[in-house]
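J.: One structure is given below, represented as structure tokens, and several questions about it will come after.
Just so it is clear, none of the values below were taken in a lab; they were calculated from the coordinates. The structure displayed is predicted, hence computed values, not measured ones. Glycine also receives a Cβ, built like all others from the backbone with ideal geometry; neighbour counts cover every protein chain displayed.
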Amino acid sequence: MNDYFAVADRYAIRRLTADDAADIAAVHIRVWRETYPGLMAQAALDALDVERSTVTWREILGGDDSPRVVGAIERATGALAGWITVGQARDEDAPAPTELWVLNLAREHQGTGVAQELMRLELADRPAYLWVVEGNERAIAFYRRHGFDIDGVRREQDDEGNRDLRMTRPTTVKYVTLVAYRGRHERLHRCRLIPRQRRGRRCHHPEHRTQRLAEAL
């Protein structure tokens, strides 16, 4: 269950700066090494270096035109759980003006709802596109739940030895807030309606799939 209050209680979400470069580099490399064996060239994964990556991230985040990188910090430990970057499209033939550049989350924080909250805060309901490594089925399924789908465009990444698939979300995703009752307890959930669900007006949250929404969309 992705409980909005549970996510807010567990994580602080803020913009990351050059001071966070070492944490970003460490999580970035760990995520890649956990996720991409068999999907990328092992030599490319073995060559990843935290110190070099830290320098790169410090340069990226220390510039005047640095991208907006928003991270989730676990309150109890102070550890960086993951981050998201959304920006202008970087491809000449982009299918949407907005691109989800990256969404990385450490394995132990997957399934907590924090990735969904980062998506809601930074991408919201905008049409957008992204690139995902072919074979990363968990990520593909996650993005599909947010209204994205593979559009048939591919690109080869010779340095990493993999192929990227493009996923697009050409229509708006509606985010709504509703209250779910469990006995005497009231809980607030952030829920979304992906395009194919709007006609039935069913909430996408697993607990609310059979619950009609009161508000007209």
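J.: Sequence-distant or interchain residues sharing an amide H contact under 5 Å with Ala128, placed H: which?
T.: Placed amide hydrogens put Arg169 under 5 Å from Ala128.
J.: Something else now. Can you work out the Karplus-derived ³J(HN,Hα) for every residue in region 92-101? Use 6.51 cos²θ - 1.76 cosθ + 1.60 with θ = phi - 60°, whole Hz, and x for glycine or proline.
T.: Ordered by residue, 3J(HN,Hα) equals 5, 9, 4, x, 8, x, 10, 10, 7, 5 Hz.
J.: Sort 78-89, 29-40, 57-68, 158-169 by the packing proxy (mean of other Cβ within 10 Å over each peptide's residues), most packed first.
T.: 78-89, 158-169, 29-40, 57-68
J.: Also, I was wondering about something else. Once phi is turned into θ = phi - 60°, what whole-Hz ³J(HN,Hα) does the Karplus curve with 6.51, -1.76 and 1.60 give for every residue of region 160-170, x standing for Gly and Pro?
T.: 8, x, 9, 10, 9, 10, 8, 10, 10, 10, x
J.: Let me ask something additional. Is there a quick way to get the dipole size of region 1-60? I mean about its Cα centre, with the Cβ of Lys and Arg at +1 and of Asp and Glu at -1; what is the value in debye to the nearest 20?
T.: Its charge dipole is roughly 100 debye.
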